[in-house]
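The values are calculated or read from the model by the stated rules, or taken from the named source; none is laboratory data. The structure displayed is predicted, hence computed values, not measured ones. Quick reminder, even Gly has a Cβ in these numbers, built from the backbone with ideal geometry, and neighbours come from all protein chains shown.
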Amino acid sequence: MCARQQAPRSAISHRLFCFYSWCANSDIPELSRLAETISEWWTETLAFITTGVTNARTEGANRLIKNTTRVAFGFHNLDNQRRPRTVGVHTSRDQTSDMRASIPLN
């Protein structure tokens, strides 16, 4: 049964009880931690199961925004993000100083 089938509350409660029992009867510490995590997030999980509503689109948009910011190398000004960047490797100190002198500052 999945969230789209709109399971009755009694069926959801029964399956949750079976899951908690299974975790408690196992000797695997990770399953105990999983049960604790499910318990902590149960209100949100139950809201999804009963309504089918999720915030996946919002989370996806936030991820894209964070990745764009990360790729921008810390530049938060849009003009600075659009400015082309060049990365070069120099073998001598003279080439490096010449390169710095030729970079426009505006």
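Go over the candidates Ala3, Ala61, Ala56, Ala24 one by one and state the one that is at pLDDT below 95, of a type in the set (A, V, I, L, M, F, W, C) and touching a Phe, Trp or Tyr at 6+ places or on another chain (Cβ under 7 Å).
Exactly one residue qualifies, and that residue is Ala3.
Within segment 30-58, which residues are outside any helix (DSSP H, G or I) and free of Cβ contacts under 8 Å to residues at least 24 places away in the same chain? Can you show your working first?
Step one: of segment 30-58, the residues outside any helix (DSSP H, G or I) are 41, 52-55.
Once the filter is applied, which keeps residues that are outside any helix (DSSP H, G or I) and free of Cβ contacts under 8 Å to residues at least 24 places away in the same chain, segment 30-58 yields Trp41, Val53, Thr54, Asn55.
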